[in-house]
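Down below is the structure, laid out as structure tokens.
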Amino acid sequence: MKQRVLFLGPPGAGKGTQAQLLAGSRQLLHLSTGDLLRAEVAAGSALGQEAAAVMARGELVSDALVLAIVRSRLEQQAASGGGGWLLDGFPRNVPQAEALESLLEELGQQIELVVLMELDDAVLLQRLLGRGREDDNQEVIRHRLEVYRDQTAPLIRFYGDRGLLQPVDASGEVESVSQRIDALLG
Ligand code: AP5
């Protein structure tokens, strides 16, 4: 069974929804940089104050900040005996992916699978407008999609070249998508 997995895909594809389900059923650590950043914003920490405006615009928070968050969580897990993890919303660009490779090398771990969740823009938009998070309005969603195409989509090639990428149809009911992903993890 694959236990070290990345979820890649545009905003609204269902990365968070699916990662949460799988983490629960397979006892894996779910690490969502978006959720962790929103928690910092809600707590009003220095880190949250730095991130809030950037997130509201739908741009990417600095690599250094996000990497520090991921590093501390993965080191903590490794120190307490290891185990599997699902990374959702990270890495978001090639420098983050390269930094993750170095970090995992330090920890003696490897990515086993990258799930690419694919969905039409019209459906993404409908899902996000239906949710109504602070950054879920037409203008910011459009910008998040541009940022995805410019900065995150190059990771499709990055992980494709490493033989790790598996595309998944992210349309349909949550349960159907879940079954497709479950089959890939083995
Ligand atoms: P982040 O929280 O990662 O947002 P995102 O990538 O835009 O992803 P979403 O949470 O919008 O979508 P999702 O694919 O997880 O879908 P979900 O399951 O939620 O990032 C937010 C911001 O934080 C970024 O813009 C950036 O500023 C910053 N950030 C985060 N990580 C960063 C990083 N690594 N580097 C720099 N900055 C970073 O589902 C969406 C909706 O659809 C939900 O309402 C859900 O209930 C519904 N839904 C899900 N599946 C289905 C289905 N099958 N059918 C119907 N509805 C569904």
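General remarks:
- Filtered residues of the range 66-99 (kept if more than 8 Å from the ligand (Cβ to nearest atom) and either over 22 Å from GLN27 (Cα atoms) or of a type in the set (Asp, Glu) (or both)): LEU67, ALA68, GLU75, VAL94, PRO95, ALA97, GLU98, ALA99
- All positions within the range 147-165 that are within 11 Å of the ligand (Cβ to nearest atom) and either open to solvent by 70 Å² or more (accessible area, probe 1.4 Å) or farther than 19 Å from PHE7 by Cβ (or both): GLN151
- Scanning the range 89-115 for residues that are open to solvent by 10 Å² or more (accessible area, probe 1.4 Å), outside any loop (DSSP other than H, G, I, E, B) and in contact with a Gly (Cβ under 9 Å, 6 or more places away or on another chain) yields one hit, LEU107.
- Close Cβ contacts (under 6 Å, 6 or more residues apart or on different chains) running from residues in the range 6-18 that are at pLDDT 95 or above and among the aromatic types (Phe, Trp, Tyr) to residues that are open to solvent by 20 Å² or more (accessible area, probe 1.4 Å) and near the ligand (Cβ under 6 Å from one of its atoms) comprise PHE7/LYS15.
- The lone exception for LEU125 - which of (1) over 18 Å from GLU146 (Cβ atoms); (2) in a helix (DSSP H, G or I) it fails: (1)
- Of the residues examined, GLU59 is not one that is more than 10 Å from the ligand (Cβ to nearest atom), among the acidic types (Asp, Glu) and at pLDDT 95 or above.
- Residue satisfying all of: in the range 166-186; assigned to a helix (DSSP H, G or I) and free of Cβ contacts under 8 Å to residues at least 24 places away in the same chain; surrounded by the most Cβ atoms within 10 Å (Cβ to Cβ) among these: ARG180
The values are calculated or read from the model by the stated rules, or taken from the named source; none is laboratory data. If you're wondering where the values come from, they're calculated on a predicted model, not measured in any experiment. Cβ coordinates were reconstructed from backbone atoms using ideal geometry, including for glycine residues, and neighbour counts include every protein chain displayed. Please note that ligands, DNA and RNA were not included when accessible areas were found on the heavy atoms of the full protein model with its side chains. Shrake-Rupley method; radii C 1.70, N 1.55, O 1.52, S 1.80 Å.
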